[in-house]
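Notes follow the structure.
The values are calculated or read from the model by the stated rules, or taken from the named source; none is laboratory data. Just so it is clear, the model here is predicted, and its values are computed rather than measured. Methodologically, a virtual Cβ is constructed for each residue, glycine included, from the backbone with ideal geometry; neighbour enumeration extends over all protein chains shown. Side chains included, ligands, DNA and RNA excluded: accessible areas come from the protein's heavy atoms. Shrake-Rupley method; radii C 1.70, N 1.55, O 1.52, S 1.80 Å.
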Amino acid sequence: MKTTTGPSDRYAIVLAGGRGERFWPVSREKHPKQLLCLVGKRSLLQATVDRVQPLVPLRNLIVITNADQKAAVRDQLPELPSRNIIAEPCGRDTCAAVALGAAVVGARSTTAVMAFLPADHMIAEPRKFQRVLSDCYSLAERGRIIVTIGIKPTEPATGYGYIQVGPPLPAPRGGSRVRTTFFKAERFVEKPSHEKALEYLTSGNFRWNAGMFVWSFVTITESLAKHQPRMADACRRWFDAAGSSRLSRVLAEDYPQLKRISIDYALMEHAQNVAVAAGDFDWDDLGSWNALGRHLPSDAEGNRARAELVHVDAARNVIYDARTKHRGLIALVGLRDAIIVETDDALLVADKSQAQKIKELVVRLSGLPKGKRVL
């Protein structure tokens, strides 16, 4: 076990679960959005790994997914050591995934510093991201501090959590190579109303919570012990089993008993030792078809499409043709503010303002007779 810090003690844990709800019908239960090539030729998961690789050796890169998606993750990341793909037996939100990742990393090095990164973000400026993440590692290595990345809001978005920040923190001693500005986190706020989001935007003192965190093994385990003792107990059991065939059995026993809670509710809203890095890179968490539309080519009427499209008097639609067998023309007449997505076995037509209800649609589909389900 390592006892000294250094570049080889930096780890990245990519959270790649998800149930394939928001991007139905292209995403499915066993093939959610992080496994899709929605924009470009690399999936969101592959792009996430590509961005981190310049900072973290592959042997230190761990993906946490679920049993249904483990084989697909392995297919997409054949260069990753098989022991670095960890499957949760059931979903228990991000706090459990954080505890599991900490246990796996800690069993390899108790002096490790680790980043937790969602697999489904789109970041158009990877070098800027790498600079910020590298500075986050440097800060987290200096003491018992939790580092998170906050994105400066560009609109009063109601689908993101927010972080209120204080004045900039002083530059760390000997940290001349650290170029990122850090702030003290004052409070975490969950998804606000439009009025509140507009207030946060105009104040200049709030950042979008991107769900990216960096901390040392010691910091995260001490924080869990203080704020989530039952999760910390589970983390210790997983630490003892990590690296052996016992881990899967222990996870199968423990996971169904765990509280389903996000790391934001479980820890971040209570911790006092949180620094927020200024994320000055282009970022999108692609939470809906509307969000994906921002990254698709647009015509003069604001129709954003990945499709062969012909229209008359149609405007502001999102059109996505994912057919593989008989891809052809999509024609629209007089349609506005709609989402149209076609696959080989399903067609979705939705009002853009109702995009959040696609999750409800997937629930309803799960109740159909087995032969009629498209999940």
(message) Test of understanding: among Thr180, Thr221, Thr202, which residue is more than 21 Å from the chain's Cα centre (by Cα) and open to solvent by less than 20 Å² (accessible area, probe 1.4 Å)?
(response) Thr180
(request) Quick one: in region 343-373, of everything that is without any contact (Cβ under 8 Å) to a residue 40 or more places away in the chain and assigned to a strand (DSSP E or B), which residue is least open to solvent (accessible area, probe 1.4 Å)? (result) Asp351
(message) Name the single residue that is surrounded by the most Cβ atoms within 10 Å (Cβ to Cβ) among those in region 183-194 being out of contact with any Gly (no Cβ under 7 Å at 6 or more places or on another chain) and without any contact (Cβ under 8 Å) to a residue 60 or more places away in the chain.
(response) Pro192
(request) For region 332-342, name all the residues that are exposed (fewer than 11 other Cβ atoms within 10 Å of the Cβ) and on the phi < 0 side of the Ramachandran plot. (result) Val333
(request) Kindly indicate which of Asp68, Asp75 is out of contact with any strand residue (DSSP E or B) (no Cβ under 6 Å at 6 or more places or on another chain) and at pLDDT 95 or above. (result) Asp75
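Got a number for residues in region 17-43 being aliphatic (A, V, I, L, M) and touching a His at 6+ places or on another chain (Cβ under 7 Å)?
1
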(request) Need at least 3 residues that are surrounded by fewer than 22 Cβ atoms within 10 Å (Cβ to Cβ) and free of Cβ contacts under 8 Å to residues at least 24 places away in the same chain per element, so show me which helices (runs of 4 or more DSSP H) inside region 19-112 make the cut, counting only ones lying wholly within it. (result) 70-76
(request) Consider Pro118 carefully, then state whether it is in contact with a Gly (Cβ under 6 Å, 6 or more places away or on another chain) and open to solvent by less than 70 Å² (accessible area, probe 1.4 Å). (result) yes
(request) Considering only region 269-305, state which residues are in contact (Cβ under 8 Å) with a residue 24 or more places away in the chain, more than 30 Å from Thr181 (Cβ to Cβ) and either open to solvent by 40 Å² or more (accessible area, probe 1.4 Å) or of a type in the set (Val, Ile, Thr) (or both). (result) Asn290
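Name the single residue that is nearest to Ile163 (Cα to Cα) among those in region 121-152 being assigned to a loop (DSSP other than H, G, I, E, B) and open to solvent by 20 Å² or more (accessible area, probe 1.4 Å).
Here the answer is Lys152.
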(request) Tell me which residues, restricted to region 159-181, are among the hydroxyl-bearing types (Ser, Thr, Tyr), assigned to a loop (DSSP other than H, G, I, E, B) and modelled with pLDDT of 90 or more. (result) Tyr160, Thr180, Thr181
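This table checks each residue for (1) β-branched (Val, Ile, Thr); (2) closer than 26 Å to Val218 by Cβ; (3) within 14 Å of the chain's Cα centre (by Cα).
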position: Cys37; (1), (2), (3): no, no, no
position: Val56; (1), (2), (3): yes, yes, no
position: Arg59; (1), (2), (3): no, yes, no
position: Val63; (1), (2), (3): yes, yes, yes
position: Val98; (1), (2), (3): yes, yes, yes
position: Thr111; (1), (2), (3): yes, yes, no
position: Leu117; (1), (2), (3): no, yes, yes
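Val105: β-branched (Val, Ile, Thr) and more than 28 Å from Lys359 (Cα to Cα), yes or no?
yes
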(request) For region 239-334, please list each of the strands (runs of 3 or more DSSP E) lying entirely inside it that holds at least 1 residues being charged (D, E, K, R). (result) 304-306, 308-312, 318-321
